[in-house]
Amino acid sequence: MVCKKCEAKLKKVICPDTWKEGSRNTTEPGGGGRKVGENKLLSSKARYNPYAKKCKVCKMNLHQEGLYCQGCAYKKGICAMCGKKILENVGQYKQSSK
């Protein structure tokens, strides 16, 4: 749960492009960006980082930019990226104890 201001900062989704000439997910030598038989573990830029950002409340690694994980942000009614209060009364929402 993010506020309107932080919604623009969210990264792109990981879905591949639809097929078209020059798309990044094709295997053509001239137009594509994907290699056949490539080891994605070695070539990916998002490798394991032990110093990755962690949630301020539960210390869990974050999967996107921000201060709080989605679970803690929902329980507290705050924006996950900036910490701004979004919901005033969260007592009526069904939330787990985790």
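Observations
- Condition met for residue 25 (open to solvent by 60 Å² or more (accessible area, probe 1.4 Å) and either over 21 Å from residue 90 (Cβ atoms) or at pLDDT below 80 (or both)): no
- Scanning region 87-98 for residues that are touching a helix residue (DSSP H, G or I) at 6+ places or on another chain (Cβ under 9 Å) and open to solvent by 70 Å² or more (accessible area, probe 1.4 Å), we see that the one that is modelled with the lowest pLDDT is 98.
- Matching residues, region 72-86, being open to solvent by less than 40 Å² (accessible area, probe 1.4 Å) and more than 12 Å from residue 2 (Cβ to Cβ): 72, 77
- Set side by side, the residues 56, 11 differ, and just one is among the charged types (D, E, K, R) and either surrounded by 12 or more Cβ atoms within 10 Å (Cβ to Cβ) or modelled with pLDDT of 90 or more (or both), which is 56.
The values are calculated or read from the model by the stated rules, or taken from the named source; none is laboratory data. Keep in mind the model is a prediction, meaning the values are calculated, not measured. No Cβ is skipped: glycine too gets one built from the backbone with ideal geometry, and neighbour counts run over all protein chains shown. In case anyone asks, the SASA skips ligands and DNA or RNA and just uses the protein heavy atoms, side chains included. Shrake-Rupley method; radii C 1.70, N 1.55, O 1.52, S 1.80 Å.
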